[in-house]
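Have a look at the structure below before the remarks.
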Amino acid sequence: MRLEGIHHVTCITGDARRNLDFYTRVLGLRLVAKSVNQDDPTVYHLFYSDEEGHPGGDITFFEYPGSRRGRAGAGMVHTVLWRVGTPAALEFWASRIAADGIPVERGEARVAFHDPEGLRHALVVDATHDEPLIAIHPEIPRDVALRGFDSVRAYSSDPERSRPVLEETLGARPAGDATWELRGSRRGGTIAYDSPPVERGIPGAGTVHHVAWGATVADHPGWLARLQEHGVHSTPVIDRHYFHSIYFREPSGVLFEIADDGPGFTVDSPVEALGTRIILPPQFEAYRTQIEARLTPLPDPRAGWGQATPSPG
């Protein structure tokens with residue numbers, strides 16, 4: 001069994017409207033699902049991804065309205081890295097993001113910035129042959145669009161503690177200093193560790209809640225058995241409606257999930273209708289009126305597009 005890179009990254013927002021605007025309008029991702037946190041159905045769970053909601057390009061947010069801004073610390077992911085196709089794409093994004101009033105950090109081969117609540121992102125040129133995961137946006141040509149996740153960076157005071165779980169349990173391969181790659185037959189992704197700041201981490205808006213690694217439906221039960229065989233304490237398999245999940249903390253403290261690839265976001269909506277209505281897991285459907293009354297009203301981010309098609313290129 002091999003894990004298929006990063007399946008999704010789940011984060012926290014205190015402002016769903018601003019969050020929706022940034023990830024759809026500025027970054028050009030598609031809102032593929034509006035649902036609720038299954039552990040607290042009064043809380044939004046928003047999913048942004050490529051045009052069809054494939055694993056590998058799916059960043060998700062729990063909304064806790066008005067929550068204070070958090071701060072990444074030891075045992076937390078501090079940067080989400082995305083792939084773009086070419087160095088010219090980095091130039092495009094540096095200009096686009098700066099034009100929205102967001103400070104941009106330019107490196108030799110990357111562009112970095114923070115979302116409105118402080119979550120750090122970086123863009124790097126895709127060095128893989130993985131299928132690009134691209135969303136349609138009228139202002140963003142296809143050849144410069146985001147292509148899915150590349151990696152995450154986390155804080156750890158002793159990354160060697162994580163090596164046995166990463167390599168022996170999860171099958172990761174060393175890929176540099178305190179860096180490991182998890183690659184399957186279709187996709188790959190890496191996690192790298194940096195020395196933590198002196199200040200302790202504070203969960204809150206603008207922080208990563210967990211990172212999920214992809215598995216197939218067929219292999220997913222085997223991963224639970226593998227974790228148990230290696231003495232890793234985890235949850236059982238949990239049905240998350242769009243996929244099935246197993247959660248555990250790796251030794252550096254980062255919350256990991258292993259998520260499978262079925263049934264996907266089209267289980268209750270055709271591709272063309274993804275993200276247009278609030279989807280509730282069946283156990284909450286009887287409470288729809290009460291739940292919707294507590295959720296932040298959100299506009300349709302594609303309203304006014306008409307028959308939008310990918311920009312040329």
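Nothing in this text is a laboratory measurement; each read-out follows from the coordinates by a stated rule. Small disclaimer: the values here were computed from a predicted structure and weren't measured. Note that we place each Cβ from the backbone using ideal geometry, even for glycine, and neighbour counts take in every protein chain shown.
Remarks
- Going by neighbour counts of Cβ atoms within 10 Å, the residues ILE246, ILE6, ILE102 line up, fewest first, as ILE102, ILE246, ILE6.
- Phi to ³J(HN,Hα) by Karplus 6.51 cos²θ - 1.76 cosθ + 1.60 over segment 160-173, Hz, x for Gly, Pro: 4, 4, 7, 4, x, 5, 5, 7, 7, 8, 9, x, 6, 10
- Shape analysis of segment 139-291 based on the Cα gyration tensor places the equivalent ellipsoid semi-axes at 29, 20, 18 Å, largest first.
- Think of the chain as a dipole: +1 on every Lys or Arg Cβ, -1 on every Asp or Glu Cβ, centred on the Cα centre; then among ALA16, ASN37, GLY253, ALA16 lies furthest on the positive end.
- The simple Förster model, with R0 at 41 Å and r as the Cβ-Cβ distance, assigns TRP305 and SER157 a FRET efficiency of 0.30.
- Segment 6-294 - share of DSSP beta bridges that are antiparallel (%, nearest 5): 65 percent
- Kirkwood hydrodynamic radius over Cα pairs of segment 3-134, then Stokes diffusion coefficient at 37 °C and 0.692 mPa s, in µm²/s: 210 µm²/s
- Our analysis of segment 78-120 gives Rg over Rh at 0.93, with the two radii drawn from alpha carbon positions and Rh computed by the Kirkwood formula.
- For segment 84-89, 3J(HN,Hα) computed residue by residue from phi via the Karplus equation (6.51, -1.76, 1.60; θ = phi - 60°) reads 10, x, 8, x, 4, 5 Hz, glycine and proline entered as x.
- Dipole axis of the chain (+1 Lys, Arg; -1 Asp, Glu on Cβ), positive-most option in LEU46, VAL144, MET1: LEU46
- Computed from point charges on the beta carbon alone (+1 for Lys and Arg, -1 for Asp and Glu), the dipole magnitude for segment 69-224 about its Cα centre is near 180 Debye.
- Debye equation applied to the C-alpha atoms of segment 6-294, log10 I(q)/I(0) at 0.13 Å⁻¹: -0.90
- Sparsely packed loop sites in segment 102-142 (the GluC sites (Glu not before Pro) outside DSSP H, G, I, E and B with at most 13 other Cβ atoms within 10 Å) comprise GLU108, GLU139.
- Here segment 252-266 and segment 147-183 have alpha carbon centers that stand 16 Å from each other.
- Each Lys and Arg Cβ is given +1 and each Asp and Glu Cβ -1; about its Cα centre, the chain then shows a dipole of about 520 debye.
- Amide H contacts of ARG240 (H built 1.01 Å from N, under 5 Å, at least 5 apart or other chain): SER245
- A helix-only calculation puts the chain at -3000 deg cm²/dmol for mean residue ellipticity at 222 nm, using -39500 (n - 2.57) for each DSSP H run of at least four residues, averaged over all residues.
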